[in-house]
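In what follows, a single structure is set out as structure tokens and then discussed.
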Amino acid sequence: MRWIFLTVIVLLFELFTYGAGRGLQWWAGSWLSDRSSRYLMISLFVMSNALLVFGIARLTSFGLKLSMTWLTILWFVIMSMVAVGIINLVLMKVAPQFFNSVSYQTYGERILLPLVFFGMVLMGIYNAYTPTIRHISLTANQPLAKPIRIGMVSDLHLGLMVGERQINQLTEMVKAQNVQLLLMPGDIMDDNVDYYTSQNMQPALQQLASAVPMGAYATLGNHDMYGHEGEIRDAIQKSNITLLADDKVLVDNQLWLVGRLDNHASYRKATKELMPSSTDKPIILLDHEPNEIEQNVQLPIDLQVSGHTHNGQIFPANFIVKFLNRLGYGYERINNTDVIVSSGYGFWGVPFRLGSQAELWVIDLVGKKS
């Protein structure tokens, strides 16, 4: 699987470099001589392949992030070219005189391309760092003594690019929404605790946990299990967040939380093995990756919460995520089980989201009427 991923990344680097290079050559037009045009393409390939090697070799902790950011920028250039092409087609149809004017032909496209490109970059940063709140009201299959307002936030990816400021922002959102119980289904850290520790994020994460009266509960995701699982477990638990690693807990004698390890743990238990013996109270499953939804909904689970997919993070990956998963993002009721897959609060690799947005889910859970 790792070699397939690397092969795809290498191919994308070469294709995106060529596509962006051709686009920039077209955009520059007569500004570049034939020799300068060739130098531009060669320079882009040298830069791309240097960053590709830098990222794959992981010469520094941020090497992969830097290379993926460069790949995303190349993709933004290509999408900007496509957008300008569409604008030109529209102008040819609705305003041919303006399109054929000397001023537009000379300056129009050269102004449009950077405007569209920087617009995409700014939108990507905005979506990554400006979380929205998704509200939903659900009814459990069992009675509840009283309604519970649950917050669900996945994929924080705490590290170099998501830190104390984002944790504090989440705490304020949780307080403003009067969240009573916080669920965090995986990818709490971004591969390790290096930046989490060096930037002293623990007090902020402790404040988040203390902001919810019924407690905060987390599971491990794939990025929590890439060689630093023990350190990440310790960091989560020291922040007063209850870690459910193939475990279950009865919360306030009202509902069960069942938390699974990510499927990167070959030794993880099947969901069926983790279920409580009694099903007279609502059961909520925290399962980081939504790849066993169809098996889980055969069990008496009221609600499954997952993340992992980031809703693709960068367009058009959201369509790929939708194709590959029974539910790649959003909400669906499947076989008497409510399922929510979040796009996540943080991000992986690059500080951009296009076609997705950082988010917190607020779930108002009420019991079935007797």
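Numerical summary
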read-out	value
Gain in span if fully extended, residue 92 to residue 194, counting 0.36 nm per residue against the direct Cα distance	31.3 nm
Dipole of segment 89-183 [Lys/Arg +1, Asp/Glu -1 at C-beta], most positive-end residue of 135, 152, 92	135
Cα centroid separation - segment 120-195 against segment 1-72, whole Å	34
Only Lys, Arg (+1) and Asp, Glu (-1) charged, at Cβ; segment 91-213 dipole about Cα centre in debye	580
Helix 109-129 axis, angle to the chain major axis (alpha carbon atoms, nearest 10°)	10
In degrees, nearest ten, helix 229-238 long axis to first principal axis of the chain (Cα)	60
Principal-axis tilt of helix 63-94 within the chain, Cα atoms, nearest 10 degrees	60
Cβ charges +1 (Lys, Arg) and -1 (Asp, Glu), total dipole of the chain, debye	780
Set of lysines with alpha-carbon distance to residue 369 below 24 Å, sequence-local pairs under 8 removed	146, 281
Pairwise FRET efficiency - residue 315 versus residue 25, Cβ, R0 = 25 Å, nearest 0.05	0.55
Positive dipole terminus of segment 224-370, leading residue within 296, 241, 270 (C-beta point charges)	296
Kirkwood-based Rg to Rh ratio, the chain, C-alpha trace	1.05
Ranking by accessible area, most exposed first, for 94, 362 with a 1.4 Å probe	94, 362
Within straight-line cross-link reach of residue 248, aspartates and glutamates at Cα separation under 16 Å, skipping those fewer than 8 residues along the same chain	262, 273, 280, 287, 302
List 10, 90, ordered by accessible area with a 1.4 Å probe, largest first	90, 10
Candidates per trypsin sites (Lys or Arg not before Pro) in segment 302-370, loop by DSSP, up to 11 other Cβ within 10 Å	369
Cβ charges +1 (Lys, Arg) and -1 (Asp, Glu), total dipole of segment 1-154, debye	440
Segment 69-186, relative contact order [Cα under 8 Å, separation at least 6], %	24
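The values are calculated or read from the model by the stated rules, or taken from the named source; none is laboratory data. Quick caveat, the model's predicted, so the values are computed rather than measured. Note that each Cβ is placed from the backbone with ideal geometry, even for glycine, and that neighbours are counted across all protein chains shown. Accessible surface areas use protein heavy atoms only, side chains included; no ligands, DNA or RNA. Shrake-Rupley method; radii C 1.70, N 1.55, O 1.52, S 1.80 Å.
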